[in-house]
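Here's the structure we're looking at; comments come further down.
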Amino acid sequence: MIPSLEEDCSRCAALCCLSLAFDRGEDFAFDKPAGTPCPNLRGHACGIHDRLRPEGFAGCVRYSCGGAGQRVVQEIFAGQSWRDDPALVAPMMEAFRGMRAVQDCLALLSAAAGLPLEHRDRETLDQLTATLMPEALDFDAVRFFPGSDREAEIGSFVKSLRRYVRR
């Protein structure tokens with residue numbers, strides 16, 4: 001079964017609120033560097049979630065990790081949190097960055113699965129999808145995924161499917 005491509009904040013450890021940087025402007029009320037927990041964070045939840053837009057955080061309202069956060073916490077770190085163990089801040093941030101790229105590729109492959117693919121392409125699609133499943137990924141596979149040969153292979157494969165898309 002393909003992991004969810006939708007965020008499930010209840011299964012995450014607020015990795016977006018820790019990992020992502022933002023600049024003060026129309027989408028964010030203040031600057032926040034990457035690696036610094038958002039001051040609005042209360043435990044693993046946003047303390048102003050019900051009023052993000054009026055408080056000046058439209059960027060948070062629009063953001064989706066595509067399911068990367070819960071995959072990192074649940075699959076890579078077995079439910080552990082940087083809140084409980086500060087030594088996990090850097091590795092969890094690194095894994096989150098990588099898992100976002102994994103989830104982007106998984107979303108492309110999932111969309112491609114809906115195309116009327118020839119048998120050979122269906123097999124390739126299934127093989128590439130299998131490389132992004134929980135049992136195929138560990139910390140190193142995730143953190144080294146962005147810019148990897150596997151990411152490039154998936155990108156090339158998806159581009160090769162243009163012939164199936166009607167204009």
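Residues ALA95, ALA101, ALA107: which one is surrounded by 13 or more Cβ atoms within 10 Å (Cβ to Cβ), of a type in the set (A, V, I, L, M, F, W, C), in a helix (DSSP H, G or I) and in contact with a Ser or Thr (Cβ under 9 Å, 6 or more places away or on another chain)?
Being surrounded by 13 or more Cβ atoms within 10 Å (Cβ to Cβ), of a type in the set (A, V, I, L, M, F, W, C), in a helix (DSSP H, G or I) and in contact with a Ser or Thr (Cβ under 9 Å, 6 or more places away or on another chain) holds for just one of ALA95, ALA101, ALA107, which is ALA101.
Anything in the range 25-58 that is in a loop (DSSP other than H, G, I, E, B), surrounded by fewer than 15 Cβ atoms within 10 Å (Cβ to Cβ) and of a type in the set (A, V, I, L, M, F, W, C)? List them, or say none.
Answer for the range 25-58, where residues must be in a loop (DSSP other than H, G, I, E, B), surrounded by fewer than 15 Cβ atoms within 10 Å (Cβ to Cβ) and of a type in the set (A, V, I, L, M, F, W, C): PHE30, ALA34.
Does the range 76-104 hold any residues that are over 10 Å from the mean Cα position of the chain (by Cα) and hydrophobic (A, V, I, L, M, F, W, C), and which are they?
Of everything in the range 76-104, those that are over 10 Å from the mean Cα position of the chain (by Cα) and hydrophobic (A, V, I, L, M, F, W, C) turn out to be ILE76, PHE77, ALA78, TRP82, ALA87, LEU88, VAL89, ALA90, MET92, MET93.
Does the range 4-24 include one or more residues that are among the polar types (S, T, N, Q) and farther than 25 Å from PRO86 by Cβ?
There is at least one residue in the range 4-24 that is among the polar types (S, T, N, Q) and farther than 25 Å from PRO86 by Cβ.
Could you tell me which residue of the range 80-92 is nearest to SER19 (Cα to Cα), considering only residues that are loosely packed, with under 14 Cβ neighbours inside 10 Å and either touching a strand residue (DSSP E or B) at 6+ places or on another chain (Cβ under 6 Å) or not hydrophobic (A, V, I, L, M, F, W, C) (or both)?
So the residue we want is PRO86.
Name the residues in the range 110-167 that are among the charged types (D, E, K, R), surrounded by 13 or more Cβ atoms within 10 Å (Cβ to Cβ), within 22 Å of ILE76 (Cα to Cα) and over 16 Å from the mean Cα position of the chain (by Cα), would you?
Listed by number, the list holds a single entry, ARG150.
So, ALA107, is that one under 20 Å from the mean Cα position of the chain (by Cα), small (Gly, Ala, Ser) and modelled with pLDDT of 95 or more or not?
So ALA107 fits the description; yes.
The values are calculated or read from the model by the stated rules, or taken from the named source; none is laboratory data. Worth saying up front: this structure is predicted, and the values here are computed from it rather than measured. Virtual Cβ from ideal backbone geometry, glycine too; neighbours counted across all protein chains shown.
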